[in-house]
Structures are given as C-alpha cells and as structure tokens.
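Heads up: the structure comes next, in structure tokens.
The values are calculated or read from the model by the stated rules, or taken from the named source; none is laboratory data. What you are looking at is a predicted structure, and each value in this text was computed from that prediction instead of being measured. Using ideal geometry, Cβ is built from the backbone for each residue, glycine included, and neighbour counts are taken over all protein chains shown. Surface accessibility is based on the protein's heavy atoms, side chains included, excluding ligands, DNA and RNA. Shrake-Rupley method; radii C 1.70, N 1.55, O 1.52, S 1.80 Å.
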Amino acid sequence: MTSKIVDTWLTNSQEENAMFDDHYPLWKVMIERMSETSLEGKTVLDFGCNQGGFLRVLYHDKPFQKGIGIDVARQAIQIANENKGNLPLTYEVRDNLDPFQSEIDVAFSHEVLYLIQDLQQHAQKIFDCLKNKGVYYAALGCHSDNPLWSNWKKMIEADSNIEVQNYSLNFIADTFRDTGFTVFAQKFMLNDFMLMKESSSYFPSVVDSLNYYWDYKILWKFVKQ
C-alpha cells in the first residue's frame, strides 16, 4: 500500500477493530459478484487485508487452496494470524508483492486503492503477481467522483497513519488499462435492505447512504490478458 510500515493504519484502534461488522455485508457482495463460481485449487490474495476477515469469509463461501493477506499494519496482521485457526491462510506485514510473482489466481482489495501513493506501481505489481488470465477485484468508494469525498478525505486524513490520495475513476481506469489490464466496472449496489444507522459525519442523511452504495461505490474487475 505504501513503503511505510505502521502499527495501525488508523490512529483509533477501536474503530479499526469494528471494521469486520461494518465490512462483512460489503465483502459478501464482492464474493457474490465475482465471476468465478469456484476457487477450488486457487491461490488468492487480499491486498490491504487489515485483520484478515475477508479471506475467512471468502473461504467459508468459496474454499480455495491458499490465501495470502498482506498489510502494512503490524497489529492488524497479528490479529489476523490469531484468528485464522486451521484455515490455509498466510498473513504478512508487507508493503510489496515481490515474493508472489505469477502465483496469484485472484486478488482482492476493499477500500485500499485510495491509500496507495503510487497507483501505477501498484497496478504493475498486481499484474506481475497474477497468473495469465488472473483477476483483481477492487472495491472503492473513496474517490474524487464521490460527492461526499471532499469531506471524507479531511476526516480520514485526521485519523489515518497512511497518506490519503485523491484519485478519480478515470485515472484509476486509465492506470490499470495502461498497465495491460482489461478494465471492467460496475456500481456496487447492495443486494438487500441496508441498515440505516443514525446520521453521522460520513452519512448526514438517508439519501447520502443510499446514493453512496448504489451510485458511487464501485467494484472494479481488472483482468490480466
């Protein structure tokens, strides 16, 4: 994600610990939308895995041969390893993909692209670690085309130990296309009713919540041809 290794990516570790419950329904959407009906015999990567929850959920729904999670946050990786049980998962504190050249069948990231300082380098490293016809799914709502982003960016910057970037959807698409990926995208759109929590600084109104998840949060699919 960045060359900087940190203890936690958020200064508020309690908020980081609460991410599993917040992200679980979003992870389920990613898993349901992916084109692969089975991951049997596959090696998968979660880039920016935080505390490792996504790969545990993915394995429950679509078992794979090997799962690799990397993150720059030491405490998150420690928790991920404590929680992996007997699942075929490896979690590492790492800011690069050098050991995984041509090893990965399917890669994932959830709300990570906006924390990557050099997106061109990231796209190339993902490309290099994927096998031929490999796929990278990246969910992202933190981008400059989201009308809530200007306010969100200030709030995230106040709480983040990692520099926040300001990428547009066009820039992201062009960057991965220039790297050699075939680029696909769809609006995230939840598959069920959405829990309406009390108004917050992130979602001041019900309409803000609905518009974000149905119009501005994007699921990218980058295919290595």
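Table for the structure above
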| read-out | value |
| --- | --- |
| Test set (1) in a helix (DSSP H, G or I); (2) open to solvent by less than 60 Å² (accessible area, probe 1.4 Å); (3) of a type in the set (Asp, Glu) - Asp95 fails condition number | (1) |
| Which listed residue, of Gln101, Gln120, is under 17 Å from the mean Cα position of the chain (by Cα) and open to solvent by 10 Å² or more (accessible area, probe 1.4 Å) | Gln120 |
| Pairs, first closer than 23 Å to Ala73 by Cα in the range 23-48, second charged (D, E, K, R) and assigned to a strand (DSSP E or B), C-beta under 7 Å, six or more apart | Thr43/Lys66; Thr43/Asp105; Val44/Asp105; Gly48/Asp71 |
| Residue list for the range 175-184, filter: in contact (Cβ under 8 Å) with a residue 24 or more places away in the chain and out of contact with any helix residue (DSSP H, G or I) (no Cβ under 7 Å at 6 or more places or on another chain) | Asp178, Thr182, Phe184 |
| Residue in the range 201-219 that is at negative phi, aromatic (Phe, Trp, Tyr), assigned to a loop (DSSP other than H, G, I, E, B) and surrounded by fewer than 17 Cβ atoms within 10 Å (Cβ to Cβ) present | yes |
| Counted residues, the range 163-192 - those being polar (S, T, N, Q), surrounded by 16 or more Cβ atoms within 10 Å (Cβ to Cβ) and in a helix (DSSP H, G or I) | 2 |
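Here's the yes/no breakdown for (1) at pLDDT below 95; (2) among the small types (Gly, Ala, Ser):
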{"site": "Thr8", "(1), (2)": "yes, no"}
{"site": "Gln14", "(1), (2)": "yes, no"}
{"site": "Asn17", "(1), (2)": "yes, no"}
{"site": "Glu32", "(1), (2)": "no, no"}
{"site": "Gly48", "(1), (2)": "no, yes"}
{"site": "Asp61", "(1), (2)": "no, no"}
{"site": "Asn86", "(1), (2)": "no, no"}
{"site": "Thr90", "(1), (2)": "no, no"}
{"site": "Phe100", "(1), (2)": "no, no"}
